[in-house]
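Heads up: the structure comes next, in structure tokens.
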Amino acid sequence: MRKEDQDLPGQNREEFRHRDSHHQGGRHGRRLEEHHGGREGGKMAQTFRRGRALSFLDHLYVKRDTLRKQVNDPDFQAIKDVVSGELKAVDQIIHEYIQAFELYDTKQPSDSR
């Protein structure tokens, strides 16, 4: 027992213990844990991560579209083979990314195939 608790009558000691547990993860501490590790908190984090994954997938689609335009552009004729190889690589990355993050239900741009 702490020294300050010994000097107080029985009821006051109990109040101090309750206050101490409240500040050291009592009622509010549990509520904080529920929001970060509970079902709702996990779902929000999962939704946030999925949103970031979809955003990056959109970024990959833009890269692929840019490479497609460059393959057909006469200004890039000298490096057409390199651009074509990059296009194939980006296509492969997109397919692997969709599988890895299970993004099957996303709609690809209409000119993707």
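In the stretch 19-38 there is at least one residue that is among the acidic types (Asp, Glu), modelled with pLDDT under 95 and open to solvent by less than 90 Å² (accessible area, probe 1.4 Å). Scanning the stretch 55-113 for residues that are outside any helix (DSSP H, G or I) and modelled with pLDDT under 95 yields a total of 13. Applying a threshold of 8 Å to beta carbon distances and a minimum spacing of six or more residues, or different chains, the list of pairs starting in the stretch 33-54 at a residue that is over 17 Å from GLN99 (Cα atoms) and ending at one that is modelled with pLDDT under 75 and open to solvent by less than 100 Å² (accessible area, probe 1.4 Å) reads GLU34/GLY41; HIS35/GLY41.
The values are calculated or read from the model by the stated rules, or taken from the named source; none is laboratory data. Please read all numbers here as calculations on a predicted model, not as lab measurements. Every residue, glycine as well, gets a Cβ built from its backbone with ideal geometry; the counts of neighbours run over all protein chains shown. Ligands, DNA and RNA are stripped out before the accessible areas are found, and what is left, the full protein with its side chains, is counted by its heavy atoms. Shrake-Rupley method; radii C 1.70, N 1.55, O 1.52, S 1.80 Å.
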